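Before any comments, here is the structure.
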Ligand code: SF4
């Protein structure tokens, strides 16, 4: 039996939305059905998220961009986070993740779900750990039942995809902790390692994976199999801990597909430019082509304040080599919680990476967009350029600032295009 026969919720969603999905992606219905059946494409849509725009992740669908938002214990303004959500959507993000770790997390999540059509993702262990801290306990005092309760509640609320760090094993976490420059940098991974050491047991997300699959199947929650051991420094990229986790994630993705649950794989992290290709191809190979959702990759460690650029360079190369979904980085990465302008800049940087990468792989849609904007430039058609630009508002605003003439203020009367025309 295929995933479509085992997952009646997914089957019903595809039956209803296949024509519009095929039109939006420029794909045949058959191509979508085949990719979903093989587990190389997923449909983000939990029917409990009433206004969700069902969204495909995985080639040959368009590469998508995710924006992370959410409160932190130092900055906890729910209204600001809702504004960031709207800014991310307006800038062109295709999905958002609520990474809140402070305040009333259920209320924040419900507000986000009711405020957006974009698929919403979460990291349930944050909610579990935050409940412990709010009760005056250690973040790692939770039980496996707490995890399952949290996942079930969030699935019922309508969360479309969840990061679950099922691939962090005791062996892998100990290797990362002992041998690395920067140890474990994932918040979820570090909470889990703390739990495993305190309780002297294997990762509860791994030992209770089947129960997580049961919940996910019921609500068509896509499991984003988290990279809790992703490298947090270029020097740590490609070590044993990282690949140990990738192997486990590949096995878990296969188990999920056989059960009827959709999965994506989360990827690095900090990866030097020369290793991006081998990392992306290696992860894809070990996970049987499951949709790959990458954070960056950041190609240098020395650009705090500009990590959206470092991440976009790695992101573009990752897309060329097969990444399907880019998680944005903002100028605030490594420094503070992103502000509203950080969110906009992060989305734009990732959209540039996606467009550049897809154009390089020969995507007809991406190439046509580059060609069309070039033609608009040749025609000095400023409104056409704005429409085709990744940030139309920016084009209109900058154009207005210095010139209302046919040419712009860059070269003025020395405009190469006007000279040719004249
Ligand atoms: S003035 Fe220069 S930059 Fe502006 S449209 Fe003409 S050639 Fe391009």
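The values are calculated or read from the model by the stated rules, or taken from the named source; none is laboratory data. These figures come from a predicted structure and were not determined experimentally. Every residue, glycine as well, gets a Cβ built from its backbone with ideal geometry; the counts of neighbours run over all protein chains shown.
Does residue 92 count as modelled with pLDDT of 95 or more and either on the phi > 0 side of the Ramachandran plot or crowded, with 24+ Cβ neighbours inside 10 Å (or both)?
Considered against the rule, which asks whether it is modelled with pLDDT of 95 or more and either on the phi > 0 side of the Ramachandran plot or crowded, with 24+ Cβ neighbours inside 10 Å (or both), residue 92 comes out as yes.
Do the conditions hold for residue 312, that is, is it surrounded by fewer than 23 Cβ atoms within 10 Å (Cβ to Cβ) and not in a loop (DSSP other than H, G, I, E, B)?
no
Residue 397 - would you say it is more than 9 Å from the ligand (Cβ to nearest atom), out of contact with any helix residue (DSSP H, G or I) (no Cβ under 9 Å at 6 or more places or on another chain) and not in a helix (DSSP H, G or I)?
no
In segment 366-383, which residues are within 13 Å of the ligand (Cβ to nearest atom) and part of a helix (DSSP H, G or I)?
373, 374, 376, 377, 378, 382
Which residues, taken from segment 102-142, are in contact (Cβ under 8 Å) with a residue 60 or more places away in the chain and surrounded by fewer than 20 Cβ atoms within 10 Å (Cβ to Cβ)?
114, 117, 138
If the requirement is being farther than 21 Å from residue 218 by Cα and either out of contact with any helix residue (DSSP H, G or I) (no Cβ under 6 Å at 6 or more places or on another chain) or assigned by TED's automatic domain parsing to the domain that holds residue 64 (or both), which of these qualifies: 23, 16, 6?
Result: 23 is the single residue among 23, 16, 6 that is farther than 21 Å from residue 218 by Cα and either out of contact with any helix residue (DSSP H, G or I) (no Cβ under 6 Å at 6 or more places or on another chain) or assigned by TED's automatic domain parsing to the domain that holds residue 64 (or both).
Going through segment 407-422 one residue at a time, which ones are touching a helix residue (DSSP H, G or I) at 6+ places or on another chain (Cβ under 7 Å) and either within 6 Å of the ligand (Cβ to nearest atom) or not assigned by TED's automatic domain parsing to the domain that holds residue 383 (or both)?
407, 408, 417 - these are the residues of segment 407-422 that are touching a helix residue (DSSP H, G or I) at 6+ places or on another chain (Cβ under 7 Å) and either within 6 Å of the ligand (Cβ to nearest atom) or not assigned by TED's automatic domain parsing to the domain that holds residue 383 (or both).
Inspect segment 328-340 for any residue being in contact (Cβ under 8 Å) with a residue 60 or more places away in the chain, touching a helix residue (DSSP H, G or I) at 6+ places or on another chain (Cβ under 6 Å), closer than 25 Å to residue 282 by Cβ and away from the ligand (no atom under 16 Å from the Cβ) and give the result as yes or no.
Yes: segment 328-340 contains one or more residues that are in contact (Cβ under 8 Å) with a residue 60 or more places away in the chain, touching a helix residue (DSSP H, G or I) at 6+ places or on another chain (Cβ under 6 Å), closer than 25 Å to residue 282 by Cβ and away from the ligand (no atom under 16 Å from the Cβ).
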